[in-house]
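The values are calculated or read from the model by the stated rules, or taken from the named source; none is laboratory data. All figures in this text were calculated on a predicted structure; none of them were measured in a lab. Note: ideal-geometry Cβ built from the backbone for every residue, glycine included; neighbour counts use all protein chains shown. The protein model used for the area step is the full one, side chains on, heavy atoms only, and it has no ligands, DNA or RNA in it. Shrake-Rupley method; radii C 1.70, N 1.55, O 1.52, S 1.80 Å.
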Amino acid sequence: MLISNMCGFAGFITKKNFNLKSIAKIMSDEISYRGPDDEDLFIDSNYGLALSFRRLAIIDLSIKGRQPMYSYDKRYIIVFNGEIYNFKSLKNKIIQNDKKINFEFKSTSDTEILVKAFSILGI
């Protein structure tokens, strides 16, 4: 029996004509023990990119914390495995800088804070 205490993600990029969805699903299945709570895929055939994510829900237990996750403006997509310990103060900083953009946070996940920070504060 394999036991894990963290999420897992995998990625694949190619210029060749592969079935990216099939590859992403295989990658996800290989790390299924890493995230028993949820899984999702991101495929961009134009760039030959496949991402898979297996989730172990810790901070936000709802489906709203699902990854891969887009930024509000769809400019960025993220798969992230880690913890941002100051994500609440970072969220406040985003809100303070949000003078022109009107959006609401969809989740309480630190991943959403990170991807929104990229869009609003820059990388």
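Observations, loosely collected:
- Pairing each residue of the range 62-86 that is modelled with pLDDT of 90 or more with any residue that is in a loop (DSSP other than H, G, I, E, B) and open to solvent by 90 Å² or more (accessible area, probe 1.4 Å), provided the two are 6+ apart or on different chains, yields C-beta distances under 7 Å for 64/106.
- Candidate set: the range 91-123, residues that are at pLDDT 85 or above, part of a loop (DSSP other than H, G, I, E, B) and not basic (Lys, Arg); chosen: the one farthest from residue 8 (Cα to Cα): 105
- Taking the numbered list (1) assigned to a loop (DSSP other than H, G, I, E, B); (2) farther than 25 Å from residue 16 by Cα; (3) open to solvent by 50 Å² or more (accessible area, probe 1.4 Å); (4) at pLDDT 90 or above in turn, residue 46 passes all entries but (2).
- Every residue from the range 59-90 that is among the basic types (Lys, Arg), surrounded by fewer than 15 Cβ atoms within 10 Å (Cβ to Cβ) and in a loop (DSSP other than H, G, I, E, B): 74, 75
- Number of the condition not met by residue 93 [criteria: (1) within 25 Å of residue 39 (Cβ to Cβ); (2) without any contact (Cβ under 8 Å) to a residue 40 or more places away in the chain; (3) among the charged types (D, E, K, R); (4) surrounded by 12 or more Cβ atoms within 10 Å (Cβ to Cβ)]: (1)
- Some residue of the range 106-113 being aliphatic (A, V, I, L, M) and open to solvent by 30 Å² or more (accessible area, probe 1.4 Å): no
- Any chance residue 56 is open to solvent by less than 70 Å² (accessible area, probe 1.4 Å) and more than 17 Å from residue 109 (Cα to Cα): no
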